[in-house]
Structure formats: structure tokens, C-alpha cells
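Take a look at the structure below.
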Amino acid sequence: MKNSILLLSLLVVGCTGTSTSDKKGSNSSTTYKIITQEGGKTLGYSPTSGVEILSIDDLKFKDLNRNGKLDKYEDWRLPAAERAKDLAAQLSIEEIAGLMLYSAHQAIPAAESGFGSSTYNGKPFSQSGAAASDLTDAQRKFLVEDNLRHVLITSVQSPAVAAEWNNNVQALCEGIGHGIPANNSSDPRHGAVANTEYNAGAGGQISLWPGQLGLAASFDPELVREFGDIASREYRALGIATALSPQIDLATEPRWSRVNGTFGEDPALATDMARAYCDGFQSSDDNNGGWGLHSVNAMIKHWPGGGPEEGGRDAHFDYGKYAVYPGEGFQTALRPFVEGAFKLAGGTEMAASVMPYYTISYGQNGGSDINRGNSYNKYLITDLLRQQYGFDGVVCTDWMITADVTGVSKFEGKCWGAENLSVAQRHYEILKAGVDQFGGNNEKAPVLEAYQMWTNEFGADSARKRFEQSAVRLLVNIFRTGLFENPYLDPEESQLTVGNVKYMRAGYEAQLKSIVMLKNRSNVLPLKSKDLKVYIPQRYVKGVPDWWGNTPADKTDYPVSLDIVKKYYQVTDSPEEADFAIVFIESPNGGTGYSDEDVAAGGNGYVPISLQYGPYTATAARDTSLAGGDPFEDFTNRTYKDKSFTSHNTTDAELVKSTNELMNNKPVILSVKCYKPCVLSEVEPYANAIVIDFETQAQAVLDIISGKAEPTGLLPMQFPADMLTVETQFEDIPRDMTPYTDSEGHAYDFAYGMNWKGVINDARVKKYK
């Protein structure tokens with residue numbers, strides 16, 4: 001290395017193979033500079049950040065800590081781990097505490113009320129005069145005062161606005177302390193609809209793919225790898241370098257509300273899909289499939305498998321806190337992690353990060369008599385994940401597991417098993433378990449309190465070593481995605497990249513491959529002629545409260561756009577005139593498994609979750625629940641035996657039957673949008689053909705019905721014969737139900753599907769079934 005160091009503030013001149021350009025977004029206040037150099041990394045920096053450029057051996061480096069010399073962490077020639085160790089040793093405990101934070105959900109621009117809301121100079125966005133890409137008051141606080149560097153992004157106004165917001169964030173971070181860039185992240189955002197907390201960024205201008213269960217229905221890992229490759233390029237164009245995905249829980253409990261986010265129930269299929277997804281997101285073609293400019297860190301979830309929820313109740317709520325293992329299937333749930341995401345085919349080798357689920361994995365505590373949420377469980381995190389399976393990447397809690405909770409059915413904190421501890425004590429116990437990061441926590445104060453607790457118990461040297469250990473893991477993910485060199489984006493390029501025609505076409509082709517045809521009596525499909533007249537009945541939708549207690553109004557409307565249908569057929573509102581009907585419904589919405597009304601009536605609150613449309617009484621449910629015990633309950637038996645529930649959309653089954661009667665023996669085609677397995681005995685007899693989709697666009701369904709595309713999808717899970725087989729299956733065991741057999745004699749089993757020739761029996765079926 002040469003002794004002389006040249007400081008370049010704004011312009012690089014007189015250097016062979018190097019060029020500098022000024023960049024500015026169309027609406028952004030941030031101007032940034034780009035330095036390209038032959039044989040070296042492209043550098044991006046903001047002139048307002050105070051960062052200067054070092055010239056060493058005719059190569060350029062960013063002096064991020066502004067000390068006039070090249071530190072190891074600033075040297076892009078060194079391995080990411082070596083750089084991370086150097087920087088971690090320089091950081092104060094306050095800075096490390098900030099790295100350990102992962103923000104609450106951030107919309108761009110922020111909502112004015114409710115979920116994801118914030119202000120701009122104390123005012124809601126519409127009254128503030130702020131640009132959509134400006135930082136909110138909360139964002140400035142947690143970036144500057146709390147040193148937070150991991151931001152969870154939900155909806156964005158446009159790709160260009162997202163890029164401009166990213167540039168504003170990165171310029172601010174670059175000028176603080178050691179210049180650590182923000183590692184922005186996203187929950188899955190490539191679905192057609194955003195309908196809950198963990199996919200709040202979905203839809204909008206981005207390529208649209210089937211839901212993850214739909215990707216599984218393709219039985220094609222290469223398709224999933226292609227999705228990951230395209231999605232990672234779109235993510236990076238939005239300023240996103242970490243994906244809070246894939247969700248690789250085995251969907252062994254069919255009533256669970258998050259089945260639609262999984263790769264289904266089969267361990268072999270889910271393992272291959274998990275590997276392909278992570279390879280697609282993390283591998284970059286600019287570095288021979290290793291870490292590079294298109295790489296996005298994959299955060300696999302949810303260790304050690306969130307699927308076996310007792311009774312199907314979800315652990316976002318107190319009533320669903322327990323995962324149970326009646327079939328001793330704990331090891332099976334680990335396969336997508338240890339055989340898939342930890343054994344990648346590409347050069348990145350292993351998924352970057354792991355997120356444990358909220359659940360208390362009941363009895364899986366290494367012999368301890370303490371049952372707490374997975375992130376509090378040292379046996380699961382340190383003994384099993386880190387030591388036995390060799391994972392030394394980032395472990396990040398699911399969101400808000402250190403926050404307080406005040407009731408069984410409240411959407412609040414999720415500190416299961418640690419309700420009696422203070423917020424700081426919860427942070428401390430999680431750190432002792434081996435976790436690195438706290439999801440949904442914007443403030444460093446409780447992390448600093450936890451540091452002091454560690455110091456008091458184990459000494460200052462031990463506390464410093466433990467915090468540096470997590471800092472290294474967190475920093476490695478930022479270094480190897482290239483953010484320290486250039487975190488800036490060209491908004492115009494981002495606008496052109498995200499949702500471009502090529503990517504949209506690929507997503508749509510995947511939607512077509514995800515659709516499963518279950519029934520085709522007398523080969524009624526395809527219906528190709530545009531001269532055919534179709535009757536589309538309106539669908540009644542009952543308003544059901546969401547997680548935040550908001551209840552939409554009941555409505556009756558067409559379930560699809562008739563303008564889209566008219567591109568395929570003539571549309572009539574008269575069943576008598578129609579040649580055939582298409583009935584669009586959804587899988588049964590069988591509730592959450594808990595009822596405040598039951599509590600008010602003197603019950604324990606627990607009710608069955610139903611997978612059928614009509615009334616269901618749980619006569620075969622357990623007399624005594626496998627798990628129980630809660631600070632808000634004076635009992636331990638969470639049984640719902642002999643209680644009843646009727647699905648919120650029971651009218652869907654009535655719609656199918658009434659349409660069949662109105663059509664008077666003319667064909668009825670049934671289209672079911674599926675979020676989980678369902679009992680189809682109430683509707684199948686009244687349909688001549690059945691196609692199901694896993695959160696695709698209506699146009700894709702119509703392309704199948706009209707014969708523009710042939711169905712190739714296969715069921716990634718069993719469809720049960722009845723609720724008796726659902727009730728008697730084990731929550732932790734895959735493929736242990738009796739599948740429904742239809743009027744044609746076909747069993748709706750795992751890997752079942754039809755094409756125009758009949759039941760599919762190709763290489764995919766032979767490999768996985």
C-alpha cells in the first residue's frame with residue numbers, strides 16, 4: 001500500500017479508469033455521486049454526508065468514519081466477515097444496540113391513522129407539504145437517536161418514490177457515526193392482494209406472482225428459483241436488501257391461518273422449494289452465483305416450524321400461543337431448514353437469517369420445565385440451531401415479542417411465556433437464548449438495559465463480547481450485499497425495473513402453472529368459444545373483523561370484473577340465456593378458534609376452526625387440550641369439544657347450489673380461491689368442473705377455463721374428506737388425513753391434479769408423491 005492518501009471531497013480527477021457523476025432523483029432532495037472504477041467497486045456517496053474518498057493504489061474507497069485513513073471495514077477488497085469484525089470492535093454499545101433493532105412497519109408515505117401511521121413535522125402527510133419520499137418524524141428519530149439501521153418497508157407510492165426515500169435514508173445514515181447504511185427489508189410483496197400485517201406491501205407496481213402456496217402447486221423448484229431471481233432484482237431496485245421470507249413452515253395443521261404462506265405440508269417438496277427460493281434471492285450473476293449486486297438476504301421463517309398450532313389457532317394471539325407435537329413430528333418440521341435453506345446449491349451456501357415463530361413449542365425445551373416463546377428458548381436457538389446445525393447467521397425475533405399484552409384475544413405484544421417479565425428483562429432473556437435482533441422494536445433503551453443486566457451477571461467483558469458477536473452477524477449481511485460501497489439508487493432506473501413487462505410476464509406464467517383443476521366431468525373444459533354466453537352470479541361477502549378490530553360493511557357484488565370476463569365470453573345476467581355459469585367463491589373462512597362471545601356466555605372462549613362451509617360441531621375434538629396455562633386464564637384446558645361454528649362465508653356453498661338449480665343441467669364451473677385446505681363435499685356435487693387457485697388474478701383462472709392455457713398445477717396438500725378427519729389428524733404430521741373423493745372417483749390427495757387428458761401422473765408426481 002502506498003503511504004500517500006489523497007482526499008477527494010466531490011470530484012475525482014486525473015485517475016485512469018475512474019469516472020464520477022452527479023445523480024439526483026426527480027423529486028428527492030438528495031444529490032449523490034457515483035464513482036465507477038476499473039477493477040474496483042462502484043462507490044456511491046452523498047456530498048452532504050461529510051464522507052470523503054480515499055485514493056490508494058489507484059483505487060477508491062469511502063472514508064465512512066472520516067478519520068483520514070482506510071480502516072479494514074472500509075476496504076471492499078477484504079472478506080465481509082473480516083470487515084464486520086473490524087467495525088464491530090469500533091462501535092459503541094449504543095451503536096450496537098441500534099443495529100439490534102428492526103423497525104415497525106413503514107409505509108412510504110406513511111398512513112395518516114391506524115397501522116403504519118406517522119407524521120411529518122408533526123402533521124399528517126396530506127397537511128405537511130412533505131414529499132412522499134421524505135422521512136417521517138419517527139424514522140428520523142429511530143435512525144438518528146436510536147441508531148436503528150434495519151427498516152421494514154410495506155407499501156410504496158411508486159418504485160421511483162421508494163428509490164428516492166431510500167436515498168434520503170442512506171444519505172442521513174452515511175453522515176452519522178461510522179456511516180453504517182440502512183438494510184431495508186420487506187415481507188412478501190409479489191402477491192396480487194395485500195390483506196394482512198405480514199404482506200402489507202403486496203400488489204402495486206411490481207411483478208405479480210401466485211401466493212407461496214401457488215408456487216408450491218407448480219411442483220417446480222426451478223420456477224421458484226426464477227421467482228427469487230426476479231424478485232431480488234425488483235427488491236434491490238426498491239432499496240430492499242433483506243427479504244423476510246420464505247416462510248418454510250410445514251403446513252401440517254390444515255386449519256392454521258398461515259397455510260397460504262407456506263410451501264404446503266410435504267417435507268420433501270417444501271425442502272426443495274426452500275432451497276430454490278433462497279438460491280434465487282441470494283445468488284447474484286455478477287459474482288458467479290455468490291453474493292453480489294442483486295443479492296437479497298433471505299430470512300427464513302419460522303424456526304423450528306410454526307405449523308403445528310394446537311387446533312389451528314395462530315400465535316399472533318395469546319389464544320394460539322402453543323405449538324404441539326402429538327405425533328412426535330418435531331424433527332420433520334426441521335427438514336426445510338436443515339436440508340433445504342442450510343444447504344443451498346448456489347455460492348451463498350446458506351440462508352442469511354432465521355426468524356423463530358411466536359409459538360411456545362410445547363415440551364421442546366431441552367429438559368427444562370419452562371415453556372416460553374421460541375426466541376426465548378436457549379435450547380432451540382443456541383443448542384439446536386447454532387450448535388447442532390451450525391447456523392451462525394442472524395437470528396431475528398418475530399415482531400413485538402418483547403411488548404406487553406393485556407388479554408387473550410388482543411392484537412398486541414406476543415411475549416408468550418414471559419408475560420411476567422419487564423420489557424428490558426425480555427430483551428435480556430432473548431439475548432441469553434442466542435438471538436441477535438428484535439423485530440418491531442424502534443427504541444434502543446431496553447436493549448441498553450439488557451446490556452447492563454448482562455454486565456451485572458457476567459461482567460463487562462462478557463457483555464461487550466456478546467454484543468459484538470451479534471454486531472458481526474448483522475454487519476456481515478450489510479457488507480456482502482454491497483451497501484457500504486453504494487446504497488444509492490437511480491429513481492428512473494428503479495421505475496423501469498420494478499414490474500417491467502418481462503418480469504410481469506414471468507409472474508403471470510407462474511400464476512397459470514399454479515392453478516389446479518380438480519374436476520372435469522365429461523371434459524366440459526375447456527370452453528373456448530367467445531360466442532358462448534356466461535352467467536356470473538354475484539357473491540355476498542360478510543364483513544369480518546380484521547386483526548385490528550376493523551369490520552368492513554357487508555356487500556354483494558360481482559366477484560370478478562365483468563370487463564375482464566367479456567374478453568373471453570359474452571356475459572349475461574340471465575341463467576336461462578346462458579350456455580354455462582362460472583361461480584367464483586373462496587375457501588371456507590372458519591374463524592380463528594376463539595370467541596369473546598363464548599367467554600361472555602360463560603365458556604372458556606375456545607371454539608373450533610372449520611374447513612367446511614356449513615355448521616360444524618366438534619364432537620370428535622380432544623377432551624383435554626395438549627397445552628394450556630395463561631396469566632389471563634384461570635384454567636389450563638383449552639378444549640372446544642362439542643362446540644359449534646359456522647364459517648363466515650357459508651353463503652358460498654348456497655351460491656353454488658342455487659346456481660346449479662338456476663342453470664337447469666347446463667354446465668356450472670366452480671372457481672375456488674384457496675387459502676388453506678377445504679372440505680368440498682358441500683359444493684363439489686353441484687359443479688361440472690372445479691378449478692382452484694392460490695391467490696392468482698382472475699384473468700389467469702379465465703385463461704384456464706377458456707383453454708388459452710392448460711392446467712398443470714398439483715395439490716400441495718391434502719383436501720380432507722370431512723371435518724372428522726381434520727379433527728383426528730395430528731397437528732405435526734404431514735399427509736395424515738383421509739382425502740375427499742369426488743363424484744368422478746378422484747381423491748383430492750397431495751400431488752393430485754388434472755389436465756385436459758385426465759389425472760396428471762408425470763415426473764413431478766412420481767418424485768414427490
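Note on the stretch 614-769: with neighbouring protein chains present and a 1.4 Å probe, carbon and sulfur make up 51 percent of its accessible heavy-atom surface. Here, the stretch 504-552 is characterised by an Rg to Rh ratio of 1.15, where Rg is the alpha-carbon radius of gyration and Rh the Kirkwood radius.
Expressed to the nearest 5 percent, the antiparallel share of DSSP beta bridges inside the chain is 45 percent. Using the Cβ of PRO575 as centre and a radius below 13 Å, the other residues enclosed give a net charge of -3, where K and R count +1 and D and E count -1. Beta bridges per DSSP, both residues in the stretch 612-769: antiparallel share near 55 percent.
Which pairs, out of LYS567/LYS708; LYS502/LYS767; LYS41/LYS444; LYS60/LYS141, put more than 23 Å between their alpha-carbon atoms? The pairs that break the limit, which is 23 Å between Cα atoms, are LYS502/LYS767; LYS41/LYS444; LYS60/LYS141.
If you average the C-alpha positions of the stretch 205-254 and of the stretch 294-351 separately, how far apart do those two centres end up, in angstrom? Centre-to-centre distance over Cα atoms comes out at 16 Å.
Karplus-derived 3J(HN,Hα) values for the stretch 406-413, using 6.51 cos²θ - 1.76 cosθ + 1.60 with θ = phi - 60°, are 10, x, 5, 10, 8, 8, 9, x Hz; glycine and proline are entered as x. In the context of the full set of protein chains, the chain has a per residue accessible area of 36 Å² (1.4 Å probe). Backbone geometry of the stretch 249-263 corresponds, through the Karplus equation with coefficients 6.51, -1.76 and 1.60 at θ = phi - 60°, to 3J(HN,Hα) couplings of 4, 6, 7, 6, 10, x, 8, 4, 5, 9, 4, 5, x, 9, 9 Hz, x marking Gly and Pro.
Considering only SER158, LEU532, GLY602, and ranking their Cα positions along the charge dipole of the chain that arises from unit charges at the beta-carbon of Lys, Arg, Asp and Glu, the one farthest toward the positive end is SER158. Note on the chain: Rg/Rh from Cα positions, Kirkwood definition for Rh, rounded to two decimals, is 0.98. Counting only heavy atoms of the protein chains and using a 1.4 Å probe, LEU626 has close to 70 Å² of accessible surface. Around the amide H of SER361, modelled in the peptide plane, lie the amide H atoms of ALA323, ASN374, all under 5 Å away and 5 or more residues distant in sequence or on another chain. Remark on HIS302: its backbone amide H falls under 5 Å from those of ILE248, ASP249, a criterion applied only to residues 5 or more positions apart or on other chains, H modelled at 1.01 Å from N. Loop-located GluC sites (Glu not before Pro) in the stretch 662-751 (DSSP state other than H, G, I, E, B) with a sparse environment of at most 14 neighbouring Cβ atoms within 10 Å: GLU744. A simple rule links phi to the HN-Hα coupling: the Karplus curve 6.51 cos²θ - 1.76 cosθ + 1.60 with θ = phi - 60°, which for the stretch 752-766 gives 8, x, 10, 10, 5, 8, x, 5, 6, 9, 9, 4, 5, 5, 5 Hz, with x for Gly and Pro.
Rounded, prolate or oblate for the stretch 638-769? Axes are the square roots of the Cα gyration tensor eigenvalues, ordered a ≥ b ≥ c, and the cut-off for rounded is a/c under 1.5. Oblate, since a/c reaches 1.5 and b/c is not below a/b.
Using a cut-off of 20 Å between Cα atoms, the listed pairs LYS528/LYS673; LYS378/LYS465; LYS519/LYS666; LYS62/LYS85 include LYS528/LYS673 as exceeding that distance. Helical content alone sets the calculated 222 nm signal of the chain at -7500 deg cm²/dmol, taking -39,500 (n - 2.57) per DSSP H segment of four or more residues and averaging over every residue. Per residue, the Cα convex hull of the stretch 51-121 amounts to 162 Å³. Put simply, the amide H of GLY290, placed in the peptide plane, has neighbours under 5 Å in SER284, GLY347, leaving out anything fewer than 5 places away on its chain.
The values are calculated or read from the model by the stated rules, or taken from the named source; none is laboratory data. Every value quoted in this text rests on a predicted model; they were computed, and no experiment measured them. All Cβ positions, glycine included, derive from the backbone under ideal geometry; neighbour counts span all protein chains shown. Accessible surface is based on the protein model in full, side chains and every heavy atom, while ligands, DNA and RNA are left aside. Shrake-Rupley method; radii C 1.70, N 1.55, O 1.52, S 1.80 Å.
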